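Each value in this text was obtained by applying a stated rule to the coordinates, not by laboratory testing. All values derive from a computational prediction rather than experimental measurement. Here the Cβ positions follow ideal geometry from the backbone for every residue, glycine too, while neighbour counts run over all protein chains shown.
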Amino acid sequence: MSKPEAGKGAGNEAGSGRKLFIGPRFRRLRRQLGLSQTQMAEEIGISPSYVNLIERNQRPVTAQILLKLAETYDIDLRDLAAADKDRAFVELNEIFSDALFRPIELPKQELRDFAELCPDVAAAVQRLYRAYTEARRGETMAAARLAGRDEAAPYEANPVERVRDLIEQNRNHFPSLETAAEKLRDELDTPGHDLFRALSERLRERHGTLVRVLPIDVMRDTLRRWVRHQRQLHLSELIDAPGRVFQIAFQIALVEAGTQIDEIVKKSGELDDPARRLFRMSLANYFAAALIMPYGRFHEAAEALGYDIAVLGQRFGAGFEQVCHRLTTLQRPNARGVPFFMLRVDHAGNVSKRFSSGTFPFSKFGGTCPLWNVHATFDTPGRIITQIIELPDGTRYFSIAQTVRRAVVPYAQPQPRFAIGLGCEMKYAPRIVYSAGLNLENAEATPIGVNCRLCERTNCSQRAEPPITRPLVLDETTRGVSPFMFESAREI
């Protein structure tokens with residue numbers, strides 16, 4: 001039987017006669033899977049020309065093709081229809097709320113259409129705006145250069161944001177690193193509790209590198225140091241057991257997965273030196289986590305244990321933060337985990353990590369909502385707390401949060417405090433052990449916003465600033481629960 005060409009034998013339109021045009025998202029899915037049009041066409045049973053027409057929005061996606069996509073690549077079709085579009089819309093809405101664009105008054109529906117129909121152009125706009133905001137922050141440096149005090153100093157974009165973009169574009173999943181890490185772990189053939197010894201021997205026997213754990217008076221403020229001329233990897237005694245294993249795995253990533261790492265970096269386009277170096281380090285961290293928690297075994301255990309983070313950490317010899325981070329990477333076709341999002345914040349609310357394999361709309365230009373109980377964990381250190389949160393659009397998420405301690409700090413020195421928030425859409429909550437005993441259908445949700453500058457909820461007592469999307473209302477005769485009043489949203 002021949003494969004259906006464009007408009008021939010492709011079946012009825014998806015959604016009871018409603019034509020579904022998802023060309024840009026279809027193309028993005030194919031690229032995330034690392035497939036050519038010909039390869040995807042072969043795997044889902046249509047012609048390459050039909051794939052090409054779908055991606056250019058010249059043919060709709062049929063119900064049969066959607067089902068075949070779900071079956072072949074183990075994807076949630078609701079995620080295909082909404083995840084990237086919703087995330088892009090949130091970011092575009094944040095960008096176009098800037099005073100720079102306020103005279104234009106773009107209708108929100110136009111932004112939604114833009115995010116859905118032109119995702120690559122939307123990503124370019126986001127990148128351009130980030131460069132603009134970085135340049136705006138650097139006005140003082142620019143003025144100094146114009147005055148001749150620093151003429152040779154070039155402007156560099158924020159490498160942290162650039163690398164975060166690259167990780168997000170890959171949905172925080174790198175198949176080549178997963179495969180290499182699993183292969184190496186199979187070679188080691190050792191349980192998690194013996195991984196420190198096995199990795200240390202690997203470095204010594206294969207790479208002539210000795211691992212040494214040294215006292216604080218030698219390492220001082222350094223936790224890990226690679227001494228090239230001595231062929232030694234020095235680790236501070238302040239690092240706990242999971243951290244020591246991770247640091248050795250990071251070193252192995254650099255020497256044994258360098259080819260795969262460099263290939264990923266090369267495919268990511270032109271990067272300045274800071275971004276390139278940071279991306280390589282991030283990918284080495286990714287490999288290290290995949291080596292400690294190899295995909296197949298970790299995914300199977302996570303599903304069987306209801307994503308119990310403590311038990312997973314005990315089984316694989318990993319810390320709470322390491323396990324949470326690893327859970328956001330389970331995006332292998334035919335073996336996907338719950339699409340979690342994760343962030344790490346300090347006591348002041350600064351976000352130092354954010355990863356998402358789902359649809360949660362993190363803000364890229366601000367903090368988080370203070371009503372999200374990830375901030376409340378500092379009052380109950382070491383204890384997991386749960387919460388159901390609801391965004392202004394009505395989407396609900398189930399989240400857990402707990403404080404973490406990174407390295408041991410000597411007495412009288414400042415103790416770093418961080419909290420980890422991990423969550424997913426409510427439809428996945430029944431699969432998670434932390435939701436046991438909760439009435440998920442009728443549970444009351446805490447209304448939150450992306451952050452204060454984008455949230456349009458009125459009468460929020462926690463509001464720190466007015467939304468940049470609405471004109472501020474100043475009335476000396478009235479004082480509400482919120483310290484700021486603003487014009488209500490209009491339907492446009």
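Residue exposure proxy: 351, 374, ordered by other Cβ atoms within 10 angstrom of their Cβ from fewest to most, comes out as 351, 374.
Using a Förster distance of 22 angstrom, determine the FRET efficiency expected from the C-beta separation of residue 228 and residue 198, and round it to 0.05.
Working: r = 23 Å, r/R0 = 1.06.
About 0.40, to the nearest 0.05.
Which GluC sites (Glu not before Pro) in the stretch 206-289 pass both tests, a DSSP loop state and at most 11 other beta-carbon atoms within 10 Å? Don't skip to the answer; put the middle values down first.
Values: sites: 237, 256, 263, 270; in loops: 237, 270.
Those satisfying the criteria are 270.
Neighbouring Cβ atoms within 10 Å as the yardstick, rank 342, 219 fewest first. Spell out each step's value before the answer.
Working: 342 23, 219 18.
By the 10 Å Cβ count, ascending, the order reads 219, 342.
Among 485, 293, the order by Cβ neighbours within 10 angstrom, fewest to most, reads 485, 293. Length gained on full extension, residue 205 to residue 38, computed as 0.36 nm times the residue gap minus the Cα-Cα distance: 55.8 nm.
At an R0 of 41 angstrom, the distance between the Cβ atoms of residue 49 and residue 110 translates into a FRET efficiency of 0.80.
What does the charge count around residue 483 come to, taking other residues whose C-beta lies under 10 Å from its C-beta (Lys +1, Arg +1, Asp -1, Glu -1)?
On the way: positive: 463, 479; negative: 465.
Result for the local shell: +1.
For chymotrypsin sites (Phe, Trp or Tyr not before Pro), no site in the stretch 298-353 is both called loop by DSSP and has at most 16 other Cβ atoms within 10 Å.
What does the charge dipole of the stretch 175-292 about its Cα centre add up to, to the nearest 20 debye, if the Cβ of each Lys and Arg holds +1 and the Cβ of each Asp and Glu holds -1?
My answer is approximately 380 debye.
Within the shell defined by Cβ-Cβ distances under 12 Å, the residues around residue 431 carry a net charge of -1, with Lys and Arg each +1 and Asp and Glu each -1.
Multiplying the residue separation of residue 478 and residue 409 by 0.36 nm and removing their Cα-Cα distance gives an extension gain of 19.9 nm. Label-to-label distance for residue 70 and residue 179 is 2.8 nm, based on points extended 7 Å past Cα in the beta-carbon direction.
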